[in-house]
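Engineer: Here it is, the structure in full.
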Amino acid sequence: MPEFAIGETDFLLDGQPFRILSGALHYFRVHPDLWADRIDKARRMGLNTIETYVPWNAHAPEPGTFDLSGGLDLDRFLRLVAEAGMYAIVRPGPYICAEWDNGGLPAWLLRDPSVGVRRYEPKYLAAVREYLTRVYEVVAPHQIDRGGPVLLVQVENEYGAFGDDKRYLEALAEHTRASGITVPLTTVDQPTPEMLEAGSIDGVHRTASFGSGAEERLAILRAHQPTGPLMCSEFWNGWFDHWGAHHHTTSAADAAAGLDALLAAGASVNLYMFHGGTNFGLTNGANDKGVYQPLVTSYDYDAPLDEAGDPTPKYHAFRDVIARYHKVPDSVPPPARPAPTSEGPLRDPVRLLDAPAEWGTWEFHEELPVFDALTPMPRLALLRTTVTGDRPGVLAFGEVRDRATVFFDGERVGTLQRDHHERALALPRARGELLVLVEDQGRVDYGPRIGEAKGIIGGASLHGAPLTGWDVLPVDLDKVPSLRPTAATTVDGPVAGPVLLRADVDFAAPADLFLDTGEWGKGLAWFNGFPLGRYWRRGPQRTLYVPRPVVRAGANELVVLELDTMLDPAARFVPRPLLGHTEA
Ligand code: GLA
């Protein structure tokens, strides 16, 4: 069996110096029928390794579950990497950051406030061990010394940016070894002396994450990792986008020069990302450094392969750089072709406020509960109470996470947004039925706010007095796309949400598509039942990517849940992605 080890100056593959040329490709952000295509394109760019995180909360949506089916079939993903003649790096976290909801930590685990987050705490560690055991059952047989592709396994993720609990890191490394992982272990940290110090433990190889300044940053890494190969485990060749901000791009020439500097220094590298993919469904994370900023649906990342898997100028620039140091395959993937276009009306509205009981089940709560106190934990919920005052008053919430639309006797009176720190509005009359639609827009994935609760935090008040006695309806988003009106109906714009609409769309053959959401407000879309993700007029993202494997020749069905106001109720598919304005 082949052997992979860390030598005095290099990685050693069967005793010979070996440079890792890796690209990040998250299986959970790419349709499983497209994994092989993306892996093959990585190989053709000159890479020899594929790196992936493992998202705990996707595999374990409920306690005691571990889903390895379909798009979560990590075993199949690793087999495809091996079949392409490539190696693999696995980063199972348990915390992964990755602009992923809650940085991968399951929300159900942290609903008990006594559970520690990313530290040596028995309840947290017990759950982590159970999770890692399941992951390593899949990964261990794929290690290189058992004939598989896996070269390295990473412990935690940029831990030095969060904590300094060495006992916790030691426990993770010990459990990894006890689970049959025999390949070298690594940590990754942003290359500052403090973070490298706090995030590393003896016996685990230190690596760094950065997007420029290779020489200086490798020197800092070298001071903390005096022997063995230098590795940039995340070479940030692009960046991610938030709703309401601009679309990030980086110049292919600058990124290629950065890669060149790494290779010239003799370092190993993992491109973050080789291919970003998509935050399908409700999987996006968020940042919060005083202002909450949820991630958009596209995780294009301005990577060498774009969101639809087509090569960009960066792909060719990187391939040219790699070719100066290593042999690269001759053939390159073809350029993107325009996607098929189509247009049709959205119809058959089903309005949430007309018959909420079709959308979920009402439950009574004396005190307004946070989402995390409900089972199953909703992402969207309707709250209802009756107001019987003697004068109109101000409705106030402790805190809104992350967006609340308020209706009074069926009339929309306003929206409160977390990113604007809004939490109060005036009700127009003294008496009436109050309905509040609350949306979780994605959990923070970086910093001290990971694991925080969602929904209305700290209850509600009217005239400053607590407002109690609430009916709560967690919206069942698995069931919603199949709701239908009693009779077929057409609609003209604008259409006020919350409302479900559908359209039939025909295509001659399966193809990648770009759904234009620019005339819509804010909501979610499904294509033939596949959850495309969130859209928002705020941008910068204006189109949603529809992966080819979910498209059928002939009739297809698009379902849209509009939470705000749709200007033009039409389904439009356009030739190219529109990810929004850049900074320049
Ligand atoms: C860090 C994290 C990654 C990702 C990048 C930014 O390096 O380790 O998971 O969040 O930042 O894209």
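The values are calculated or read from the model by the stated rules, or taken from the named source; none is laboratory data. Not measured: the values here are computed from a predicted model. For neighbour counting, all protein chains shown are included, and Cβ atoms are generated from backbone atoms with ideal geometry for every residue, glycine included.
Engineer: Farther than 27 Å from residue 284 by Cβ, assigned to a loop (DSSP other than H, G, I, E, B), among the aromatic types (Phe, Trp, Tyr) and away from the ligand (no atom under 16 Å from the Cβ) - does that describe any residue in segment 358-371?
Structural biologist: Scanning segment 358-371 turns up at least one residue that is farther than 27 Å from residue 284 by Cβ, assigned to a loop (DSSP other than H, G, I, E, B), among the aromatic types (Phe, Trp, Tyr) and away from the ligand (no atom under 16 Å from the Cβ).
Engineer: Quick one: residue 65 ticks every box in (1) surrounded by fewer than 21 Cβ atoms within 10 Å (Cβ to Cβ); (2) β-branched (Val, Ile, Thr); (3) in a helix (DSSP H, G or I) except a single one, so which number is it?
Structural biologist: The one condition residue 65 does not meet is (3).
Residue-wise test of (1) within 23 Å of residue 496 (Cβ to Cβ); (2) loosely packed, with under 14 Cβ neighbours inside 10 Å; (3) not charged (D, E, K, R).
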site	(1), (2), (3)
368	no, no, yes
374	no, no, yes
378	yes, no, yes
387	yes, no, yes
393	no, no, yes
396	no, no, yes
400	yes, no, yes
405	yes, no, yes
409	yes, no, no
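Engineer: Something else now. Among the residues of segment 288-310, is there at least one that is of a type in the set (Lys, Arg), within 26 Å of residue 161 (Cα to Cα) and out of contact with any Cys (no Cβ under 6 Å at 6 or more places or on another chain)? It would help to see each step written out before you state the result.
Structural biologist: Initially, segment 288-310 is screened for residues of a type in the set (Lys, Arg), giving 289.
Subset that is within 26 Å of residue 161 (Cα to Cα): 289.
Among the residues that remain, those that are also out of contact with any Cys (no Cβ under 6 Å at 6 or more places or on another chain) are: 289.
Yes.
Engineer: Can I ask one more? Across segment 249-280, what is the number of residues that are β-branched (Val, Ile, Thr), within 14 Å of the ligand (Cβ to nearest atom) and in contact with a strand residue (DSSP E or B) (Cβ under 8 Å, 6 or more places away or on another chain)?
Structural biologist: Qualifying residue count, segment 249-280: 1.
Engineer: Here's something else I'd like to know. Taking segment 109-126, which residues are in a helix (DSSP H, G or I) and either within 16 Å of the ligand (Cβ to nearest atom) or over 27 Å from residue 295 (Cα atoms) (or both)? Don't jump to the end; show me each part of the working.
Structural biologist: The initial filter retains those residues of segment 109-126 that are in a helix (DSSP H, G or I), namely 109-111, 122-126.
Of everything in segment 109-126, those that are in a helix (DSSP H, G or I) and either within 16 Å of the ligand (Cβ to nearest atom) or over 27 Å from residue 295 (Cα atoms) (or both) turn out to be 122, 123, 125, 126.
Engineer: Condition test on residue 570, is it touching a residue at least 40 places away in the same chain (Cβ under 8 Å) and surrounded by fewer than 20 Cβ atoms within 10 Å (Cβ to Cβ)? Spell out how you get there, then give the answer.
Structural biologist: Values: touching a residue at least 40 places away in the same chain (Cβ under 8 Å): yes; surrounded by fewer than 20 Cβ atoms within 10 Å (Cβ to Cβ): yes.
Answer is yes for this residue.
Engineer: Can you find, within segment 51-108, the residue that is farthest from the chain's Cα centre (by Cα) among those that are polar (S, T, N, Q) and more than 16 Å from the ligand (Cβ to nearest atom)? Can you show your working first?
Structural biologist: Here is the first cut: in segment 51-108, the ones polar (S, T, N, Q) are 52, 57, 65, 69, 102.
Cutting the leftovers down to more than 16 Å from the ligand (Cβ to nearest atom) gives us 65, 69.
Working: 65: 20, 69: 18 Å.
Restricting to residues being polar (S, T, N, Q) and more than 16 Å from the ligand (Cβ to nearest atom), the top hit is 65.
Engineer: Do we find a residue being at pLDDT 95 or above, farther than 16 Å from residue 38 by Cβ and under 25 Å from the mean Cα position of the chain (by Cα) anywhere in segment 316-333?
Structural biologist: No, because not a single residue in segment 316-333 is at pLDDT 95 or above, farther than 16 Å from residue 38 by Cβ and under 25 Å from the mean Cα position of the chain (by Cα).
Engineer: Turning to a different aspect of this structure: Any idea how many residues of segment 148-184 are more than 16 Å from the ligand (Cβ to nearest atom) and in a loop (DSSP other than H, G, I, E, B)?
Structural biologist: Total meeting the criteria: 10.
Engineer: For segment 185-204, give me each residue that is more than 12 Å from the ligand (Cβ to nearest atom) and touching a residue at least 24 places away in the same chain (Cβ under 8 Å).
Structural biologist: If we filter segment 185-204 for residues that are more than 12 Å from the ligand (Cβ to nearest atom), which is where we start, we get 185-186, 192-194, 196-198, 200-204.
Across segment 185-204, the qualifying residues are 185, 186, 192, 193, 194, 196, 197, 198, 200, 201, 203, 204.
Engineer: Of everything in segment 385-417, what is over 13 Å from residue 456 (Cβ atoms), part of a strand (DSSP E or B) and of a type in the set (D, E, K, R)? Give them in sequence order. Lay out the reasoning, then the answer.
Structural biologist: Let us first name the residues in segment 385-417 that are over 13 Å from residue 456 (Cβ atoms), namely 386-394, 407-415, 417.
Restricting the remaining residues to those that are part of a strand (DSSP E or B) gives 386-388, 394, 407-408, 411-415, 417.
Within segment 385-417, 411, 412 qualify.
Engineer: Something else: Residue 260 is checked against (1) assigned to a loop (DSSP other than H, G, I, E, B); (2) more than 28 Å from residue 525 (Cβ to Cβ); (3) acidic (Asp, Glu) and fails just one. What number does that condition carry?
Structural biologist: (1)
Engineer: So which pairs qualify, if the first residue must be in segment 217-244 and at positive phi, the second must be within 16 Å of the ligand (Cβ to nearest atom) and among the charged types (D, E, K, R), the Cβ gap must be under 9 Å, and the two must be at least 6 apart or on different chains?
Structural biologist: Within 9 Å, the pairs are 228/206.
Engineer: Tell me which residues, restricted to segment 304-325, are of a type in the set (Asp, Glu), surrounded by fewer than 21 Cβ atoms within 10 Å (Cβ to Cβ) and more than 23 Å from residue 266 (Cβ to Cβ). Show your work before the answer.
Structural biologist: Going residue by residue through segment 304-325, those that are of a type in the set (Asp, Glu) are 306-307, 310, 320.
With surrounded by fewer than 21 Cβ atoms within 10 Å (Cβ to Cβ) added as a condition, the list becomes 310, 320.
Hit for segment 304-325 is 310, nothing else.
Engineer: Please count how many residues of segment 226-248 are crowded, with 18+ Cβ neighbours inside 10 Å and away from the ligand (no atom under 14 Å from the Cβ).
Structural biologist: 5
Engineer: Please name all residue pairs, on different chains or six or more residues apart, with Cβ atoms under 8 Å, provided the first residue is in segment 135-159 and is more than 19 Å from residue 13 (Cβ to Cβ) and the second residue is at pLDDT below 95 and within 16 Å of the ligand (Cβ to nearest atom).
Structural biologist: Every condition considered, no pair remains.
Engineer: Condition test on residue 442, is it touching a Pro at 6+ places or on another chain (Cβ under 7 Å), within 16 Å of the ligand (Cβ to nearest atom) and either assigned to a strand (DSSP E or B) or under 30 Å from residue 103 (Cα atoms) (or both)? First the steps, then the outcome.
Structural biologist: Details: touching a Pro at 6+ places or on another chain (Cβ under 7 Å): yes; within 16 Å of the ligand (Cβ to nearest atom): yes; either assigned to a strand (DSSP E or B) or under 30 Å from residue 103 (Cα atoms) (or both): yes.
Judged against the criteria, residue 442 is a match.
Engineer: Moving on. List every residue pair whose Cβ atoms lie under 7 Å apart, where the two residues are 6 or more positions apart in sequence or sit on different chains, the first residue falls within segment 445-458 and is closer than 21 Å to residue 162 by Cβ and among the acidic types (Asp, Glu), and the second residue, located anywhere, is within 15 Å of the ligand (Cβ to nearest atom) and part of a loop (DSSP other than H, G, I, E, B).
Structural biologist: 445/97; 445/98; 445/99; 445/285
Engineer: Considering segment 298-344 alone, what residues qualify as being outside any helix (DSSP H, G or I), touching a helix residue (DSSP H, G or I) at 6+ places or on another chain (Cβ under 9 Å) and of a type in the set (A, V, I, L, M, F, W, C)?
Structural biologist: Within segment 298-344, 303, 305, 308, 328, 332 qualify.
Engineer: Check off (1) surrounded by fewer than 21 Cβ atoms within 10 Å (Cβ to Cβ); (2) in contact with a strand residue (DSSP E or B) (Cβ under 9 Å, 6 or more places away or on another chain); (3) among the polar types (S, T, N, Q) for residue 517 and give me the number that stays unchecked.
Structural biologist: (1)
Engineer: Would segment 217-236 turn up any residue that is over 23 Å from residue 6 (Cα atoms) and in a loop (DSSP other than H, G, I, E, B)?
Structural biologist: Taking every residue of segment 217-236 in turn, none turns out to be over 23 Å from residue 6 (Cα atoms) and in a loop (DSSP other than H, G, I, E, B).
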